[in-house]
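To start, the structure under review is shown below, and the notes come after it.
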Amino acid sequence: METTVMRVEELRLGKIVAEDIFANTQYPIIYKNAKINHEHFRLFEMFNLNEILIYKEKELEVLTEEQSEVESTIITLPKYTSFETYYYDAIAQIKKEFGNWQAGAKIDLTKVRGMIIPLIEKVLEDRSYIFDLNTYSNAKDYLFHHCIATGLIASIISKKLGHDRGTIIQVAIAGMLADSGMAKVAPRIRDKQSALTEIEFAEVKKHPYYSYLLVKDLPSIKEVMKVAIYQHHERLNGSGYPKGEKMSAITTFGQIIAVADVFHAMTSERLYRLKQSPFKVIEMIKEEEFGKFDVQVVQALVDLVVDLPIGTKIELSNLELGEVMFINKYAPTRPLVRLINSGEIIDLATNRNFYISRVITK
């Protein structure tokens, strides 16, 4: 059958794809002989695909059994519009999947992509959603929130570092699945509210390995991302786990997920700790955790958090409301702010008694 290249905007439903379609992925996102449907157009948009090779001849009336199976793997995206609705739907879904993994089921990557991709699209359009992630989370369901949030934060760090769209999505999925191995840790340890014993903590430290076992046979996840999942608790100075790797032995993608993981963990409410300001956490990562993380990865996160437009509404640690007037490049987490009630201007770089507790996004 003859083929022709057709622009996506000219495509009609029912046209037949003439070749496997890749998007910087090891395996196709759409397979040869698939019949174009509505969900394919979403994928074309997500991966910035402009032209598709299709068959010239009349659309096939009946798909073979193999082709029908291919179509069934296409992601079905829920018809929501708000980030918050997508987010809570993803939390409900990952809770179910986590229970399945705990019972011995394999990871269903189609479901995972369906949860995370709509949210990736939202945060790549508007990074301010990351400021709300710790408000959605709660101590009881922290683990499920952490999985979703780590993937999203990893995606915008990846974008900031200049990675292409396919890589960004791979990093997000890897970040989301980095703690999937916690399903293999005994609930009495995983959900314990008091301090862990040395033996219990040793079991928790196995979760990157358990996560790796869950993803190692998934062909659609790149090998480098599987390694990143395994390494997301490693630190450049050798203080991490499970192997205590150092410096160049730790991949950049492992570091991206590590920084995203730590940032969300420190800014969220836990069973044993209150949530902290993203700005305070940035300072802690830069100062107290110096030497553990890749400088470029940390700087990407810093830029994403502190690069606030002039006029951004914020709340200070003393609960006063203000707006950003000037970002000091030498102290980017401590801008010049004007208090809304009094009009007083405060330089947070010199007045260390206060800090930004949250960015007001709504």
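Tabulated values for the structure
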| quantity | calculated |
| --- | --- |
| Matching label, Kirkwood radius over Cα pairs in Å computed from the structure shown, candidates (1) 22.1; (2) 24.4; (3) 20.6 | (1) |
| Placed amide H near G238: partners under 5 Å, 5+ positions off or other chain | M247 |
| Carbon + sulfur, % of accessible area of the chain - ligands and nucleic acids excluded, 1.4 Å | 51 percent |
| Rounded to whole Hz, the Karplus (6.51, -1.76, 1.60) HN-Hα couplings of the range 104-115, x for glycine and proline | x, 6, 7, 6, 8, 5, 4, 5, 4, 5, x, 6 |
| Hz values of 3J(HN,Hα) by residue in the range 120-136 - Karplus curve (6.51, -1.76, 1.60), Gly and Pro given as x | 4, 4, 5, 6, 5, 6, 8, 5, 5, 4, 5, 6, 9, 4, 6, 7, 6 |
| Sequence of D141, D307, D217 when ordered by accessible area, the most exposed leading, probe 1.4 angstrom | D217, D307, D141 |
| Within the chain, helix-based [θ] at 222 nm, where runs of 4 or more DSSP H residues each add -39,500 (n - 2.57), nearest 500 | -13000 deg cm²/dmol |
| Within a Gaussian network of the chain (alpha carbon springs, distance under 10 Å), most fluctuating of S277, S342, S239 | S342 |
| Amide H partners (placed H, <5 Å) of S357, local residues excluded | E315, L316, S317 |
| Within a Gaussian network of the chain (alpha carbon springs, distance under 10 Å), most fluctuating of P309, P332, P208 | P309 |
| At most 16 other Cβ within 10 Å, DSSP loop - trypsin sites (Lys or Arg not before Pro), the range 108-157 | K140 |
| Per residue solvent-accessible surface (Å²) - the chain, probe of 1.4 Å | 48 Å² |
| Most mobile listed residue (Y212, Y88, Y230) in the chain, GNM with C-alpha springs under 10 Å | Y88 |
| Local electrostatic count at T333 - Lys and Arg +1, Asp and Glu -1, tallied over other residues with Cβ under 15 Å | -2 |
| Residue-by-residue Karplus 3J(HN,Hα) for the range 174-187, coefficients 6.51, -1.76, 1.60, Hz, glycine and proline x | 4, x, 5, 9, 4, 9, 4, x, 5, 5, 9, 8, 4, x |
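The values are calculated or read from the model by the stated rules, or taken from the named source; none is laboratory data. All values derive from a computational prediction rather than experimental measurement. Positions of Cβ are backbone-derived with ideal geometry, glycine not excepted, and every protein chain shown enters the neighbour counts. Protein only, heavy atoms only, side chains kept; ligands, DNA and RNA dropped before computing areas. Shrake-Rupley method; radii C 1.70, N 1.55, O 1.52, S 1.80 Å.
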